[in-house]
1. Please identify the pairs in which a residue from region 483-494 that is open to solvent by less than 70 Å² (accessible area, probe 1.4 Å) has its Cβ atom under 6 Å from the Cβ atom of a residue that is among the acidic types (D, E), counting only partners at least 6 apart or on another chain.
2. Scan region 441-458 and report the pairs whose first residue is closer than 22 Å to S476 by Cβ and in a loop (DSSP other than H, G, I, E, B) and whose second residue is open to solvent by less than 10 Å² (accessible area, probe 1.4 Å) and of a type outside the set (A, V, I, L, M, F, W, C), with Cβ atoms within less than 8 Å and a gap of 6+ or a chain change.
3. Looking at region 507-524 only, could you name the residues that are in a strand (DSSP E or B), over 18 Å from the mean Cα position of the chain (by Cα) and among the aliphatic types (A, V, I, L, M)?
4. Confirm whether A527 is open to solvent by less than 40 Å² (accessible area, probe 1.4 Å), among the aliphatic types (A, V, I, L, M), within 27 Å of D608 (Cα to Cα) and in a loop (DSSP other than H, G, I, E, B).
5. Checking A490 against (1) touching a Lys or Arg at 6+ places or on another chain (Cβ under 8 Å); (2) assigned to a strand (DSSP E or B): exactly one of these is not met. Which one?
6. Whether any residue in region 19-31 is open to solvent by less than 70 Å² (accessible area, probe 1.4 Å) and acidic (D, E) is what I want to check.
7. Looking at A116, is it of a type outside the set (D, E, K, R) and either under 30 Å from P211 (Cβ atoms) or open to solvent by 10 Å² or more (accessible area, probe 1.4 Å) (or both)?
8. Only one of these is open to solvent by 40 Å² or more (accessible area, probe 1.4 Å), farther than 24 Å from A342 by Cα and of a type in the set (D, E, K, R): D238, D195, D207. Name it.
Amino acid sequence: MTDRCEAHPLAPLSAAEITEVRKILETGGVLQETTRFSYVGLAEPAKTAVARYDRDRSPVDRLARALLLDIGTGEAEDVLVGITDRTVRSRTPVRSEHGQVPVLAEEHDVVREVMAADEGWRAALRKRGIDDPAHVYLAALSAGRFESIPDAGRRLVRVLAHWQPEPSTMVWAHPVDGLVAYVDLIERRVVEIVDTGVVPIPQESGDYDDPAVSGPMRTTQRPIEITQPEGPSFTLRDGELRWENWRVRLGYDMREGLVLHQIGFADDGRLRPIVNRASVAEMVVPYGDPGPIRFWQNYFDTGEYQLGRLANSLELGCDCLGEITYVDAVVADGNGEPVTLANAICIHEEDFGVLWKHTDPANGSRQTRRQRRLVISFFVTVGNYDYGFYWYLYLDGTIELECKATGIVFTAHYDERIAPYASQVAPGLAAPYHQHLFNVRLDMAVDGDINAVDEIEVERVPMGEDNPFGNAFTRSCRRLTSERAAQRMAAPERGRVWHIVNPQQRNRLGEAPGYALTPQGLPTLVADEASAIHGRATFATKHLWVTRYDESERFPAGDLVNQSAPGAGLPAYTGGDRDLDGADLVVWHTFGLTHFPRLEDWPVMPVDRCGFTLKPVGFFDRNPTLDVPAPAGGHCHGHGR
């Protein structure tokens with residue numbers, strides 16, 4: 001993303017730096033033949049160090065964090081590596097009672113080898129008429145943690161099967177249900193098989209790229225071409241993206257994926273900070289089938305599988321349209337070697353309809369302006385599902401995140417038992433109810449690091465002496481002064497929003513400048529409060545959390561999410577109930593989809609969307625887009641005078 005001779009302190013690790021990390025660990029005697037790299041990423045410097053660099057180019061040491069796993073013993077450690085001085089700064093053992101390091105790509109291969117050799121598994125398949133295990137696709141899935149099941153100390157996955165008679169078969173149409181295996185990845189053996197009995201394997205094809213399933217392609221669509229003859233209006237240099245009045249620095253992490261740093265807006269000759277760091281810090285996909293085969297299905301796609309390493313290589317005309325700038329991302333493989341994900345990030349600008357418009361009856365003025373937005377996006381594939389993450393920056397200072405869910409629903413055999421908890425999407429084929437819950441971490445910096453959060457909502461005024469006709473209404477404003485007080489739910493019926501304001505600054509009317517977080521207000525985690533997933537994904541039970549900034553508090557479900565213990569992350573961060581009234585704050589927002597699959601979601605799901613907006617409120621002294629010109633060549637303006 002940038003010239004490493006002048007790498008900004010927030011620039012993601014380059015391929016050369018990842019290679020150097022491995023060399024330093026080798027030289028330091030840290031690596032064994034059985035050591036694997038679960039994660040490698042930039043250990044971001046303190047905000048004060050970044051500020052000094054931005055001010056006078058004061059040098060900042062480059063540090064990397066590595067999560068290592070010994071696949072022979074199961075021992076893991078968290079290692080801090082000094083790239084600048086080529087030292088191993090620290091080594092901290094990872095204790096299994098706290099959790100496991102993320103799932104390795106090679107562990108899926110381990111599962112296939114172990115299962116193919118296990119006679120109990122082969123016998124269970126033969127009972128179902130499958131003689132060759134090679135005709136079964138195995139989904140090795142994160143195990144979760146259940147106090148009633150004594151396996152917390154194991155590095156474990158749970159394995160579901162789908163029939164795959166041909167290599168081209170879309171396997172999700174053919175679940176081999178009533179069967180699940182638990183595999184110890186370190187001992188490399190099946191520790192338990194749960195077999196509740198043989199049920200029919202659904203037979204109808206789900207191969208949507210087969211003309212027999214899709215039907216003939218339609219011929220009615222005329223070409224749409226998006227061109228910018230003079231090129232795009234943005235520039236990208238050394239990782240800093242500039243468009244219109246916006247400035248943002250791009251980052252990338254193999255866990256979180258795309259990270260936006262130092263989001264600011266140039267206003268009246270000065271760059272005003274808004275968000276110091278923004279990322280999708282976690283997402284969890286809890287399923288609602290309570291049966292013995294799938295009760296444990298709850299996936300933390302960020303913390304367990306690491307979204308960033310699963311990014312697609314985007315293609316012009318398929319994933320992105322128009323004048324596109326692509327950015328590669330670099331992650332580490334299990335051996336600690338760099339892997340370049342080509343075209344992982346897509347950047348383009350697009351027209352977004354009317355920005356503002358008015359035809360005035362008094363003076364005859366006719367004015368229309370077009371809205372544009374800058375799009376910064378990436379797409380990932382996590383097993384059966386695909387997710388797109390689209391950050392939008394608008395001319396009027398609005399920031400938006402839109403998350404898109406598509407792909408294929410997870411499937412099961414449909415019968416009377418599962419009917420209350422699943423949709424039938426094809427004959428005999430069930431798609432269990434589930435949720436896609438995202439949490440975005442926003443290190444806010446509205447006009448500086450000292451911020452506060454106000455909860456704003458509409459308020460009805462009762463009829464009385466001051467409201468004799470009953471038409472009055474107003475709004476209430478309540479400062480969220482502590483971390484416990486700031487654990488809040490959305491209330492769409494009240495128009496509830498949260499204003500992140502700077503109490504030390506004033507706009508021209510004497511008010512604190514701010515940004516309004518507007519939630520969609522869809523359901524949060526619906527699992528029972530006593531459930532294991534509620535304990536591990538407590539962040540998803542509230543739409544809003546606010547914490548006092550601590551550089552070690554990065555992830556809403558905790559640092560080690562794979563097989564994690566309950567109570568980690570935001571419940572622990574907020575345990576001290578720190579003061580928030582005028583402090584360096586982090587806003588955590590949970591949002592997402594509750595999915596009751598439709599017939600129209602099969603055999604591949606059209607995109608479903610969710611997200612939020614951050615909109616300026618008193619941040620500017622007037623509409624900041626008065627200087628946007630009328631569209632060239634149009635008749636969008638005129639005066640009657």
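The values are calculated or read from the model by the stated rules, or taken from the named source; none is laboratory data. Nothing here was measured: the structure is a model prediction, and the numbers come from that model. When we count neighbours, we look across all protein chains shown, and the Cβ atoms used for this are built from the backbone with ideal geometry, even at glycine. Surface areas here come from the heavy atoms of the whole protein model, side chains and all, with no ligands, DNA or RNA. Shrake-Rupley method; radii C 1.70, N 1.55, O 1.52, S 1.80 Å.
1. E483/D577
2. Qualifying pairs under 8 Å: V446/N502; V446/P513; V446/G514; V446/Y515.
3. Once the filter is applied, which keeps residues that are in a strand (DSSP E or B), over 18 Å from the mean Cα position of the chain (by Cα) and among the aliphatic types (A, V, I, L, M), region 507-524 yields only A516.
4. Working: open to solvent by less than 40 Å² (accessible area, probe 1.4 Å): yes; among the aliphatic types (A, V, I, L, M): yes; within 27 Å of D608 (Cα to Cα): yes; in a loop (DSSP other than H, G, I, E, B): yes.
For A527, the condition - open to solvent by less than 40 Å² (accessible area, probe 1.4 Å), among the aliphatic types (A, V, I, L, M), within 27 Å of D608 (Cα to Cα) and in a loop (DSSP other than H, G, I, E, B) - is met.
5. (2)
6. yes
7. Yes.
8. On the way: D238 fails: farther than 24 Å from A342 by Cα; D207 fails: open to solvent by 40 Å² or more (accessible area, probe 1.4 Å).
Just one listed residue meets the conditions, D195.
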